[in-house]
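The values are calculated or read from the model by the stated rules, or taken from the named source; none is laboratory data. It should be emphasised that the depicted structure is a prediction, and the values quoted were computed from it without experimental measurement. All Cβ positions, glycine included, derive from the backbone under ideal geometry; neighbour counts span all protein chains shown. Keep in mind that these areas ignore ligands, DNA and RNA; they rest on the heavy atoms of the full protein, side chains included. Shrake-Rupley method; radii C 1.70, N 1.55, O 1.52, S 1.80 Å.
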Amino acid sequence: MAGIAVVPRSFHSGGDDDDHDNLQQRPPTRHSAAPKACRVCGDEIGVKEDGAPFVACHVCGFPVCRPCYEYERSDGNQCCPQCNTRYKRHRGSPRVPGDHEDDDFHGADDFDDEFPIKHHNQDESNHQDVAAHSENRDYVQPQLHTGGPAFSSTGSVAGKDLEAEREAYSNAEWTERVEKWKMRQEKRGLVSKDDGGGNDQGEEDEYLMAEARQPLWRKVPMPSSRVNPYRIVIILRLIILCFFFRFRILTPAYDAMPLWGISVVCEIWFALSWILDQFPKWFPINRETYLDRLSLRFEREGEPNKLAPVDFFVSTVDPLKEPPIITANTVLSILAVDYPVDKVSCYVSDDGASMLLFDTLSETAEFARRWVPFCKKHNVEPRAPEFYFSQKIDYLKDKVHPNFVKERRAMKREYEEFKVTINALVAKAQKKPEEGWVMQDGTPWPGNNTRDHPGMIQVYLGSEGALDVEGKELPRLVYVSREKRPGYSHHKKAGAMNALIRVSAVLTNAPFMLNLDCDHYLNNCKAAREAMCFLMDPQFGKKLCYVQFPQRFDGIDRHDRYANRNVVFFDINMKGLDGIQGPVYVGTGCVFNRQALYGYDPPVSEKRPKMTCDCWPSWKGSIPAFELEEIEEGLEGYEELEKSSLMSQKNFEKRFGQSPVFIASTLMEEGGLPEGTTSSSLIKEAIHVISCGYEEKTEWGKEVGWIYGSVTEDILTGFKMHCRGWKSVYCCPERAAFRGSAPINLSDRLHQVLRWALGSIEIFMSHHCPLWYGWGGKLKFLQRLAYINTVVYPFTSIPLLAYCTIPAVCLLTGKFIIPTISNLASIWFLALFLSIIATSVLELRWSGVSIEDLWRNEQFWVIGGVSAHLFAVFQGLLKVLGGVDTNFTVTSKAADDTEFGDLYIFKWTTLLIPPTTLIILNLVGVVAGVSDAINNGYGSWGPLFGKLFFAFWVIVHLYPFLKGLMGRQNRTPTIVVLWSILLASIFSLVWVRIDPFLPKQTGPILKQCGVEC
């Protein structure tokens, strides 16, 4: 186990001031390097029998190798991916339906090559990365078959891959599966029935090779029978809205003009908000991955494992608020992931420099030596021990190892002992000694002052650390606490994540990074493999900036009173965005392409060559972007062709900072470390890149890494990537990839929503606002609408608060926002309500979301809108415009020690006042309106129904809030009741006193004298 590296560093700037103008220069776009490679699978194209290069399409010359050409003709749409011209048959290619007698090559000399599957003379073992996706992604997806493409492929995929594939099937099922594949080959004329016997092992190997060459994923569009009616109803609803607003504007309520004007403005804003939310859901899709094909392609027997390395990031700040046992479970689930151990590294960012977390990770590393082999031996899920041992299922299901029960009991006992050890550390950390914390060797803990301490790195486990109890290597575990000094802006979580990017680049430099919050554990040990199906796609993967997984949560009550699961967002909105340019980044459960976080542009597709003769001379010379002499320094290891496209060393330093090792790592697209480096030198360099002055005068937080400027750095970071033209993917495996914890009591939930809304306001007030940023970029229009919706939705709280107040005002004054309507006008009202219902029903139909989840989402939209979002608007305006940073404190009360006991915890917060006031106002209004109708007789009941409908609409939406206030004992804190009654009473008395809707008398006041004259 490596010792702790605590090396204070002096501050470093990122370059000279005289080169400041070069900061704005964007780094070059990444291109594929192999000019003679197949643009589908990445293999060499090869040559024909006469030695000439193989050309699949004679129209545009799009580079495609022979196996991909054969696959496209047999299983695809038989067209060129670039020009969509139908492929002509080449000599030696099997005939497919649609081939004509006058095609290029046919005759007696070609008859022997009709069945190429029986000839194994050509070595095609290098063709292994076929993917049926063109780079342009603009042609019809070929239908996928599990039987494999129609081409010959020699070589054996025996050993563990063959056995792993066969273990999933019984002998009869496996034989049947191979026979079906052979039958499909016979139907295509690729094999003769008489030649089918005598080589069963070769047929199985050939079948597996065919499977490995299939695409690693496929797009599954929603059935048109479900999506098309949904789109039609959206258009109809838009038309109905136009006629509805025409009626509302042309028929004002003259006896209540202020109420009418306010209501119309609110309704127009609601319609605009609906458009921003609805139309990005126009193209919902699903995606499927094929993990068996990933293994067959990149994990072959007798060859080095070709799966890409992955760096896992776990971020935490305060271990007293974020329990260390939860962080330990997250780390243990990562260390036990189903992925090659030499390709996994786990980095834990401790932004609070806590010795408690440092000691917790030390204990976690020791416990992992027993936990990881247990998980992999018995294939348990999930691999976070706290949640594995607490799940209420039959843990013996599918377990056949005779020692499983005995080993499980022993492991559970060891975990309980581990838990007690962590609890003892937490109890010890409650009271800090006056002299500060002291480490085991007697030296003071460097992080005793959390705001003034050096950078710290501790490497656990890994190739140079402890092995597990079975003598096998474990993934690397690294503790990181960046340097902090007074007078520097550390940028909270975004700054910590950028420090992890640099540390991981120096120590391991995996091409992909997966970030998790400390309370989100791996629920699916194959989550990294799911992401690799997209990111390691030969063509599509190069354009992906990240793969986002949905968030799923534990510990939430069945009714999900406050919509903590966010099912509507994750199962409807995100799937809609996946059909455009990709889902937004939500801060956790995301696998990043490192090159995308470095601020590079995605690879550019080669333009289709011109079809006309270009005989005119070119008078425009090619001007290099940089002087070659500037590029030479520090880049001796690169080819001349690559040097001409790289930035100068000075520009690299101005962009990434003054670290030669880190700069060199940014040029290694496939990951890996520079040659000639040692562990000690890398640790020193890692300490340097987390110094608090490293980011000065660089592009970190502006164009590189997580973007600064908002507490919701996730939305801003994903937005910048999409503006550069990157795409993202939404991956929803059958078993949830990650699970986490969510605040289930009312006050904590409101403060969580307040933080999100405040971040949106900060983005809205910045130059990164989607309303005006990046219009000349590559962000698609519907994707821009989605991002606009993410930054303007808090402003809906103002019209929502006014609209929820109007019903009470109407009931108290006897006025109404709508005059007496005609039969035609009533039709528009009815049509509007029916279209709203139809849209929701059809949305539920294609998404699979339950009606209860949709209703909870609607309720909390109102609750959060009149509380957290409202405060976020004013807090954000004060912070951005006035520089005033206001915080709302939360005070806890005890909860019951029962299941979901946290649900009944009450924490006083200012956010509770507006919704409580609205409830009381509307309840008082209902009582007053009914009393007035009773006093005035039968004629008053008709107009009353419309007012009561809107009042009950408000009360029903706020009902979960009211239930949360009452708690289990139906007791509400006195301060809430006093504030709410006071505000409601003052509002009612002032309104009665002013009464703006009564005509004002201008003449003398005449009173009856009371005497009968």
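Does any residue of segment 215-222 turn out to be closer than 30 Å to residue 531 by Cα, open to solvent by 70 Å² or more (accessible area, probe 1.4 Å), in contact with a Leu (Cβ under 9 Å, 6 or more places away or on another chain) and not small (Gly, Ala, Ser)? Yes: one or more hits. Scanning segment 294-349 for residues that are farther than 20 Å from residue 591 by Cβ and without any contact (Cβ under 8 Å) to a residue 12 or more places away in the chain turns up 303, 304, 321.
When 267, 288 are screened for being in a strand (DSSP E or B) and at pLDDT 90 or above, only 288 passes. The set of residues from segment 328-344 being in contact with a helix residue (DSSP H, G or I) (Cβ under 7 Å, 6 or more places away or on another chain) and part of a helix (DSSP H, G or I) comprises 328, 329, 331, 332, 335.
Which ones in segment 773-798 are open to solvent by 20 Å² or more (accessible area, probe 1.4 Å) and under 30 Å from residue 947 (Cβ atoms)? 793, 795, 798 - these are the residues of segment 773-798 that are open to solvent by 20 Å² or more (accessible area, probe 1.4 Å) and under 30 Å from residue 947 (Cβ atoms).
Before we move on, is residue 634 assigned to a loop (DSSP other than H, G, I, E, B), at pLDDT below 75, of a type outside the set (A, V, I, L, M, F, W, C) and out of contact with any Cys (no Cβ under 8 Å at 6 or more places or on another chain)? Considered against the rule, which asks whether it is assigned to a loop (DSSP other than H, G, I, E, B), at pLDDT below 75, of a type outside the set (A, V, I, L, M, F, W, C) and out of contact with any Cys (no Cβ under 8 Å at 6 or more places or on another chain), residue 634 comes out as yes.
For segment 242-259, enumerate the residues that are touching a residue at least 12 places away in the same chain (Cβ under 8 Å) and within 19 Å of residue 833 (Cα to Cα). Outline the logic, then answer.
Initially, segment 242-259 is screened for residues touching a residue at least 12 places away in the same chain (Cβ under 8 Å), giving 243-245, 247-249, 251-256, 258-259.
Within segment 242-259, 243, 244, 245, 247, 248, 249 qualify.
Among residues of segment 555-573 that are over 25 Å from residue 730 (Cβ atoms), those with a Cβ under 8 angstrom from a residue that is at pLDDT 80 or above and acidic (Asp, Glu), sequence gap 6+ or separate chain, pair up as 559/852. Comparison of 521, 460, 546 shows that the only residue that is over 28 Å from residue 662 (Cβ atoms), in contact with a helix residue (DSSP H, G or I) (Cβ under 8 Å, 6 or more places away or on another chain) and surrounded by 24 or more Cβ atoms within 10 Å (Cβ to Cβ) is 521.
If you check residue 259 against the conditions, is it farther than 29 Å from residue 831 by Cα and buried (at least 18 other Cβ atoms within 10 Å of the Cβ)? Steps first, answer last, please.
Details: farther than 29 Å from residue 831 by Cα: no; buried (at least 18 other Cβ atoms within 10 Å of the Cβ): yes.
Taking the combined requirement at face value, the residue does not satisfy it.
State which residue is surrounded by the fewest Cβ atoms within 10 Å (Cβ to Cβ) when the search covers only segment 52-85 and only residues that are at pLDDT 80 or above and among the aromatic types (Phe, Trp, Tyr). Here the residue is 54.
Scanning segment 708-748 for residues that are under 17 Å from residue 784 (Cβ atoms) and open to solvent by less than 10 Å² (accessible area, probe 1.4 Å) yields a total of 9.
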